[in-house]
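For reference, the structure is listed below as structure tokens.
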Amino acid sequence: MRVAACALLAALVVVPVAGAAHADSPAATKRVVRTWSTHLNAYDNAGAARLFARPAVFAQGAAVLRLETYSDIALWHSLLPCAGRIVSIAVKGETATAVFVLANGKHRRCDAPGQKAAAAFRVHRGKIVSWVQVPVPVPAPSGPTA
């Protein structure tokens, strides 16, 4: 079961959607992620939910959910324990990987304030089709290499 979940996650993050020629621009994809973060931090779970396509896929660890309604997506958001400040967003194709510094927020008592977390958002035609918690990317080394 764990192997199947990992395979599904890889497919959600890596495989482009048919018709990717209509992919959103990197700037538009970043805007969607920033708008999602603004709604989440304001505890506007319904607003966050409306940014998703239906159905949408959510994955944290081995748990993978396919949510069909905006009310289910809003409920999922209400259960997130942390708000967060975006510190970086990297876009590759339809996938934006955002890194956050976690914090308490309106109606949210974070279990790891000050820690970093990351999520991969797959955005297609202006809607988020999947949200996958991923490991925080390791920054690329800077400067000359020996």
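Collect the residues in segment 58-85 that are of a type in the set (Val, Ile, Thr), touching a residue at least 24 places away in the same chain (Cβ under 8 Å) and over 19 Å from SER37 (Cβ atoms), keeping them in residue-number order.
Answer for segment 58-85, where residues must be of a type in the set (Val, Ile, Thr), touching a residue at least 24 places away in the same chain (Cβ under 8 Å) and over 19 Å from SER37 (Cβ atoms): just VAL64.
Identify all residues within segment 27-59 that are of a type in the set (S, T, N, Q) and either modelled with pLDDT under 95 or touching a helix residue (DSSP H, G or I) at 6+ places or on another chain (Cβ under 8 Å) (or both); write none if there are none.
ASN45
Hey, which of the strands (runs of 3 or more DSSP E) in segment 77-146, taking only ones fully inside, have at least 1 residues that are hydrophobic (A, V, I, L, M, F, W, C) and touching a Lys or Arg at 6+ places or on another chain (Cβ under 7 Å)?
In segment 77-146, 83-92, 95-103, 127-134 are the strands (runs of 3 or more DSSP E) which contain 1 or more residues that are hydrophobic (A, V, I, L, M, F, W, C) and touching a Lys or Arg at 6+ places or on another chain (Cβ under 7 Å).
Among the numbered conditions (1) among the charged types (D, E, K, R); (2) over 15 Å from VAL32 (Cα atoms); (3) surrounded by fewer than 16 Cβ atoms within 10 Å (Cβ to Cβ), tell me where ARG108 comes up short.
Of the numbered conditions (1) among the charged types (D, E, K, R); (2) over 15 Å from VAL32 (Cα atoms); (3) surrounded by fewer than 16 Cβ atoms within 10 Å (Cβ to Cβ), the odd one out for ARG108 is (3).
Hey, does segment 97-119 have a residue that's of a type in the set (S, T, N, Q), closer than 23 Å to ASP24 by Cα and either modelled with pLDDT of 95 or more or in contact with a Cys (Cβ under 8 Å, 6 or more places away or on another chain) (or both)?
Yes, the conditions are met somewhere in segment 97-119.
Scan segment 10-26 and tell me whether some residue there is modelled with pLDDT of 50 or more and surrounded by fewer than 13 Cβ atoms within 10 Å (Cβ to Cβ).
yes
Among the residues that make up segment 86-103, is at least one of them within 20 Å of ALA49 (Cα to Cα) and surrounded by fewer than 16 Cβ atoms within 10 Å (Cβ to Cβ)?
no
In segment 21-47, which residue that is out of contact with any strand residue (DSSP E or B) (no Cβ under 9 Å at 6 or more places or on another chain) and part of a helix (DSSP H, G or I) is nearest to GLY84 (Cα to Cα)?
The qualifying residue nearest to GLY84 (Cα to Cα) is THR38.
If you check every pair at least six apart or on different chains, which have Cβ atoms under 6 Å apart with a residue in segment 38-55 that is touching a residue at least 24 places away in the same chain (Cβ under 8 Å) first and a residue that is β-branched (Val, Ile, Thr) second?
Pairs found: ALA49/ILE73; LEU51/ILE128; PHE52/ILE73; PHE52/ILE128; ALA53/VAL129.
State yes or no: is LEU102 without any contact (Cβ under 8 Å) to a residue 12 or more places away in the chain and within 16 Å of LEU40 (Cα to Cα)?
no
The values are calculated or read from the model by the stated rules, or taken from the named source; none is laboratory data. Small disclaimer: the values here were computed from a predicted structure and weren't measured. All Cβ positions, even for glycine, are placed from backbone atoms using ideal geometry, and neighbour counts span all protein chains on display.
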